[in-house]
Each structure stands twice: as structure tokens, then as C-alpha cells.
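The values are calculated or read from the model by the stated rules, or taken from the named source; none is laboratory data. Quick caveat, the model's predicted, so the values are computed rather than measured. Methodologically, a virtual Cβ is constructed for each residue, glycine included, from the backbone with ideal geometry; neighbour enumeration extends over all protein chains shown. The protein model used for the area step is the full one, side chains on, heavy atoms only, and it has no ligands, DNA or RNA in it. Shrake-Rupley method; radii C 1.70, N 1.55, O 1.52, S 1.80 Å.
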Amino acid sequence: MTDRLNGKRIFLTGAAQGIGRAIAEACLKEGASLFLLDMDGDFLKRTVDELGAGPRVAFAAGDISDAAGVQAAMADAERQIGPVNGLINNAGINVFNTPLETTDEEWRRTFDVNLKGAWNCCKAALPGMIAAGGGSVLNIASTHSFTIIPHTFPYPLAKHALIGLTKALALEYAGQGVRVNALAPGYVETQKNVDWWNSFPDPVQARADTMALHPGGRIAQPSEIAMAAVFMISDECPFMNAATLIVDGGLSVLQHP
Ligand SMILES: NC(=O)c1ccc[n+]([C@@H]2O[C@H](COP(=O)([O-])OP(=O)(O)OC[C@H]3O[C@@H](n4cnc5c(N)ncnc54)[C@H](O)[C@@H]3O)[C@@H](O)[C@H]2O)c1
């Protein structure tokens with residue numbers, strides 16, 4: 001363990017699996033205290049047990065789209081780990097369709113979770129950070145925040161808007177010592193992507209096709225996104241504000257293979 005995140009008390013959403021779990025693991029290694037929130041309470045409990053985290057971790061089941069529930073979870077976090085000075089908005093859902101086939105319910109849920117959910121958490125965390133003289137917020141965006149893959153509607157719209165939320169809050173509260181940044185991963189080896197490859201008639205080929213899109217011939221491991229998150233939530237670069245860091249192995253810069 002190092003002390004890069006010593007004194008950080010971080011509220012992290014979507015921590016039961018995937019990128020969120022990797023971020024939890026990395027933040028713990030770097031000395032942070034964590035409050036973890038996930039919709040899937042049983043899965044989250046298993047993850048916390050596996051992390052073997054001890055008293056530096058508290059957790060609760062909850063849906064980030066429920067504003068009152070998020071306020072209650074933030075109060076719970078303050079009681080259990082102390083005043084929250086870091087927020088990582090990681091929980092998100094893929095809703096993929098074509099524009100004209102997208103139902104109102106798909107549209108609503110996409111924005112409720114991927115945009116309003118992050119805002120609910122910011123709204124709950126920011127007053128405490130401002131009162132304490134500062135804090136750090138990190139929104140997990142995506143390369144879908146800048147580019148569009150056909151038939152993935154309306155997920156990228158919400159991820160584009162998450163960058164807007166990042167910029168608006170960053171400028172609004174910079175004078176009070178709060179930094180708000182975004183981290184935009186490309187393809188990451190998570191269960192969601194494994195399930196997606198498995199939905200093809202030839203999952204092995206589907207996986208190979210995804211790898212072949214990338215300049216380095218591979219996608220990211222969750223731990224590689226987590227290390228960027230540790231840096232961005234830490235105080236190692238206090239002048240980084242309203243920024244988005246893309247971690248995609250170079251994919252979004254590539255015009256042609
Ligand atoms: N996996 C990728 O390739 C990839 C790429 C770019 C960006 N992202 C983004 O990274 C984040 C994490 O992605 P992942 O692939 O690790 O996802 P995942 O599906 O593996 O894990 C997401 C976790 O969030 C939880 N969650 C979902 N909705 C929730 C809600 N309303 N309230 C509370 N918890 C909720 C789920 O229970 C789950 O444990 C997401 O915001 C996603 O959009 C992922």
C-alpha cells in the first residue's frame with residue numbers, strides 16, 4: 001500500500017463488478033477510505049468480502065437514479081467513513097438500439113442512470129465538499145462521449161451530456177476548491193463485453209474482431225482504467241479541472257487501420 005490517496009474518503013458507485021470494482025481495489029491499495037454503492041446489493045457484498053477491505057470500506061445497496069436514496073446513502077457514508085471529499089460516478093448502463101426503435105422507457109432509463117444518476121450523486125456530495133473547502137469528482141464517461149457507433153442509441157447521447165455536466169460543475173465550483181473531471185475509457189474487458197461477444201454466432205471471432213480494431217491489438221483491463229482514476233481523484237495534479245482523459249489504447253485517434 002502507498003499513501004497516494006491517504007485522507008481521501010471516496011463515494012464510489014457501481015463498485016460490485018467491472019471497472020468500479022477495479023477502481024475500489026486500486027483506491028484501497030493507495031490508502032483511501034471508501035463508501036461503495038451498487039444496485040446489486042448481494043453482488044456488492046460478495047465483492048467487498050473478496051476485497052478483504054476491513055474497516056476502510058462501507059457499502060450499501062441503492063439505485064443512483066433515486067435522488068432521495070442517494071442523499072440518504074451520502075449521509076450514511078459521512079457517518080461511516082467521515083466527510084466525503086472524493087466522488088467517483090462510475091455506475092452506468094448500456095442501452096443500445098437504433099434511434100427510431102428506441103422506446104420511451106429505454107430513453108428514460110438511459111438518461112436517469114447515466115446522466116441524472118451522476119448528477120444526483122454530485123448534488124449530494126458537493127455541498128459538503130464546498131463547506132470543507134474542496135474535493136474532487138470524477139465522472140466515468142466513455143469514448144461514446146465523443147464518437148458514435150451506429151445502433152448504440154441512446155447511450156452515447158447520455159455520455160456526451162456527462163461531459164457537459166463535468167464542464168458545467170467544474171467551472172461553477174472551481175473557486176471553492178472543487179475539481180470535476182471525466183475519464184473516458186474505450187473498450188474494457190468487463191462482463192458486459194463478454195456477454196456482448198457471446199451474443200454473436202461466433203463469440204471467439206467477435207472477440208477477435210474487437211481486438212483487431214485497436215492499434216495495439218487488444219482492449220483494456222479494468223485495472224488499467226483504475227490506475228488513471230486513482231491519479232485523477234488524487235491531489236497529484238491540482239490544476240486538472242474540467243478535463244477529460246481518454247484511455248482507449250489510441251482507438252479514437254485512428255482514422256483507418
Ligand atoms: N466496459 C467498457 O468497455 C466501458 C467502456 C467505456 C465506458 N464504460 C463505463 O464505465 C462504467 C462501468 O462500466 P462496466 O463495464 O464496469 O459496467 P458493469 O456493468 O460491469 O458494472 C456496472 C455496475 O454498476 C451497477 N449499476 C448499474 N446501474 C446502477 C444504478 N442505477 N445504481 C447503482 N448501481 C448501478 C451494476 O449493478 C454493476 O455492478 C459505466 O459508466 C460505463 O458506461 C465502460
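Of the listed requirements (1) under 15 Å from Ile246 (Cα atoms); (2) more than 10 Å from the ligand (Cβ to nearest atom); (3) open to solvent by 20 Å² or more (accessible area, probe 1.4 Å), Ala182 misses just one: (3). Which one is farthest from the ligand (Cβ to nearest atom), of the residues in the stretch 103-118 that are in a helix (DSSP H, G or I) and either under 16 Å from Ile10 (Cα atoms) or over 16 Å from the mean Cα position of the chain (by Cα) (or both)? Restricting to residues being in a helix (DSSP H, G or I) and either under 16 Å from Ile10 (Cα atoms) or over 16 Å from the mean Cα position of the chain (by Cα) (or both), the top hit is Asp104. For the stretch 1-46, the tally of residues that are away from the ligand (no atom under 15 Å from the Cβ), under 21 Å from Ala125 (Cβ atoms) and open to solvent by 30 Å² or more (accessible area, probe 1.4 Å) stands at 4.
Just to verify a result, which residue in the stretch 64-79, among those that are buried (at least 18 other Cβ atoms within 10 Å of the Cβ) and not small (Gly, Ala, Ser), is nearest to the ligand (Cβ to nearest atom)? Please lay out each step first, then the result.
The first filter runs over the stretch 64-79 and keeps only residues buried (at least 18 other Cβ atoms within 10 Å of the Cβ), leaving 64-65, 70, 73-74, 77.
Keeping just the survivors that are not small (Gly, Ala, Ser) gives 64, 70, 74.
Working: Ile64: 4, Val70: 9, Met74: 14 Å.
Residue satisfying both the conditions and the ranking: Ile64.
So in the stretch 216-257, with the set limited to residues that are small (Gly, Ala, Ser) and in a loop (DSSP other than H, G, I, E, B), which one is nearest to Gly134 (Cα to Cα)? Checking each candidate, the answer is Ser234.
Answer yes or no as to whether Met227 is within 20 Å of Ala125 (Cβ to Cβ) and either touching a residue at least 12 places away in the same chain (Cβ under 8 Å) or small (Gly, Ala, Ser) (or both). Spelling it out, it is not the case that Met227 is within 20 Å of Ala125 (Cβ to Cβ) and either touching a residue at least 12 places away in the same chain (Cβ under 8 Å) or small (Gly, Ala, Ser) (or both). Only a single criterion out of (1) in contact with a Pro (Cβ under 7 Å, 6 or more places away or on another chain); (2) open to solvent by 20 Å² or more (accessible area, probe 1.4 Å) is not satisfied by Thr110, namely (2). Gly82 fulfils the conditions (1) farther than 25 Å from Leu183 by Cα; (2) modelled with pLDDT under 95; (3) open to solvent by less than 40 Å² (accessible area, probe 1.4 Å) except for a single criterion, (2).
State whether one or more residues within the stretch 208-226 are among the charged types (D, E, K, R) and within 19 Å of Leu12 (Cα to Cα). Taking every residue of the stretch 208-226 in turn, at least one turns out to be among the charged types (D, E, K, R) and within 19 Å of Leu12 (Cα to Cα). The residues of the stretch 220-240 that are within 13 Å of the ligand (Cβ to nearest atom), over 17 Å from Thr166 (Cα atoms) and open to solvent by less than 10 Å² (accessible area, probe 1.4 Å), listed by number, are Ile225, Ala226.
Take Phe231 and tell me if it is touching a Lys or Arg at 6+ places or on another chain (Cβ under 9 Å), among the aromatic types (Phe, Trp, Tyr) and within 26 Å of Leu115 (Cβ to Cβ). Spell out the reasoning first.
Numbers: touching a Lys or Arg at 6+ places or on another chain (Cβ under 9 Å): yes; among the aromatic types (Phe, Trp, Tyr): yes; within 26 Å of Leu115 (Cβ to Cβ): yes.
It is true that Phe231 is touching a Lys or Arg at 6+ places or on another chain (Cβ under 9 Å), among the aromatic types (Phe, Trp, Tyr) and within 26 Å of Leu115 (Cβ to Cβ).
Looking across the stretch 193-207, the residues that are under 22 Å from Ser142 (Cβ atoms) and open to solvent by 50 Å² or more (accessible area, probe 1.4 Å) come down to Asp195, Trp196, Asn198, Ser199, Phe200, Arg207. Asn94 meets all of the listed conditions (1) part of a helix (DSSP H, G or I); (2) surrounded by fewer than 23 Cβ atoms within 10 Å (Cβ to Cβ) but one, namely (1). Out of all the residues in the stretch 166-177, is one or more farther than 30 Å from Arg9 by Cα and of a type in the set (A, V, I, L, M, F, W, C)? Within the stretch 166-177 (the criterion being farther than 30 Å from Arg9 by Cα and of a type in the set (A, V, I, L, M, F, W, C)), the answer is no, since none of the residues qualifies.
Is it the case that Ala22 is among the aliphatic types (A, V, I, L, M), at pLDDT 95 or above and part of a loop (DSSP other than H, G, I, E, B)?
Details: among the aliphatic types (A, V, I, L, M): yes; at pLDDT 95 or above: yes; part of a loop (DSSP other than H, G, I, E, B): no.
Judged against the criteria, Ala22 is not a match.
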